[in-house]
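The values are calculated or read from the model by the stated rules, or taken from the named source; none is laboratory data. Remember, it's a predicted structure, so these values are computed and weren't measured experimentally. As a convention, Cβ positions derive from the backbone with ideal geometry for all residues, glycine included, and neighbour counts pool all protein chains shown. Only protein heavy atoms, including side chains, enter the accessible area calculation; ligands, DNA and RNA are left aside. Shrake-Rupley method; radii C 1.70, N 1.55, O 1.52, S 1.80 Å.
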Amino acid sequence: MSLLLKNLLFTVVVPGTVAVYLPLRIAGGWSALVGTAWGWRQSIAMVPLLFGTVVYVGCVWGFGKVGRGTPAPIDEPRRLVIVGLYRYVRNPMYVGVLSIVLGWTIFFRSWRLLLYGGCLTLGFHLFVVLYEEPHLARRFGESYDHYRRLVHRWRPGRRYEPAA
C-alpha cells in the first residue's frame, strides 16, 4: 500500500473519528450540522476549524515526506520529524486536532463538546507523556533528547535548529 494511501486511511479512521465523527455525534449528528443556522458564531468557528485542518495536513505531509511513515504507531516514521511546525512545538498534530474540536464547540455552542475536548486534551497529554515520549527517546536517542530539551511539548516557542 502506498504511503499516501496509508496516511489517508489513518486520517479518515483516527483523526476523522476523533475530530469530526464524534463531535458531530455529540452535537446531534449530521442533521445538527445541516440544521444549524449560520451566524457570527459559526463564522468565528471557521478559524479554529480551518487552522486545525491546515496544521494537521501539514504534519501528515511532514510524516510522509521527511519521516517516510505515518502518524500511526504501527507504521511510524523512519526518521525523526523536526520540520515545519515541529520546529516550534513538539506536538502540533494534536494541537491541530484539538483546534478542530474547539471549532466544533464554538460552532454548536456545546458544553458537551467542551467537556469532550477537555477529556481529549487529557488523553492526548497522557498518551504523549506515558507512551510517545519514552518511545521516541528509545528510538531516536540523543537527537530526540536534544530536540525535547529545546522545543516545548504544547506551546510554540523559538525555532528549533538542529545541532551542527
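Any chance the range 89-99 includes a residue that's over 19 Å from residue 154 (Cα atoms), of a type outside the set (Gly, Ala, Ser) and assigned to a helix (DSSP H, G or I)? No, that holds for no residue. Evaluating residue 70 against the criteria (1) out of contact with any Cys (no Cβ under 8 Å at 6 or more places or on another chain); (2) of a type in the set (Ser, Thr, Tyr); (3) farther than 13 Å from residue 7 by Cα; (4) crowded, with 21+ Cβ neighbours inside 10 Å leaves one unmet condition, (3). Scan the range 67-124 for residues that are under 18 Å from residue 148 (Cα atoms) and hydroxyl-bearing (Ser, Thr, Tyr) and jot them down. Listed by number, the residues that qualify are 86, 88, 94.
Only one of 79, 112, 158 is open to solvent by 20 Å² or more (accessible area, probe 1.4 Å) and part of a helix (DSSP H, G or I); which?
Of 79, 112, 158, the one residue that is open to solvent by 20 Å² or more (accessible area, probe 1.4 Å) and part of a helix (DSSP H, G or I) is 112.
Tell me whether the range 116-134 contains one or more residues that are free of Cβ contacts under 8 Å to residues at least 12 places away in the same chain, of a type in the set (Phe, Trp, Tyr) and farther than 30 Å from residue 2 by Cα. So far as the range 116-134 goes, no, none of its residues is free of Cβ contacts under 8 Å to residues at least 12 places away in the same chain, of a type in the set (Phe, Trp, Tyr) and farther than 30 Å from residue 2 by Cα. For residue 26, the test of being surrounded by fewer than 14 Cβ atoms within 10 Å (Cβ to Cβ) and either touching a helix residue (DSSP H, G or I) at 6+ places or on another chain (Cβ under 9 Å) or not hydrophobic (A, V, I, L, M, F, W, C) (or both) is failed. The helices (runs of 4 or more DSSP H) found entirely in the range 1-62 that carry 1 or more residues being hydrophobic (A, V, I, L, M, F, W, C) and within 20 Å of the chain's Cα centre (by Cα) are 3-13, 22-27.
One residue stands out among those in the range 50-101 that are free of Cβ contacts under 8 Å to residues at least 60 places away in the same chain and among the polar types (S, T, N, Q): the one that is farthest from residue 122 (Cα to Cα), which is 53. Any idea which residue in the range 115-155 is surrounded by the fewest Cβ atoms within 10 Å (Cβ to Cβ), counting only those that are under 20 Å from residue 71 (Cβ atoms) and among the basic types (Lys, Arg)? Ranking the candidates gives 138 first. None of 97, 54 is within 20 Å of residue 19 (Cα to Cα) and either buried (at least 16 other Cβ atoms within 10 Å of the Cβ) or touching a strand residue (DSSP E or B) at 6+ places or on another chain (Cβ under 6 Å) (or both) except 97.
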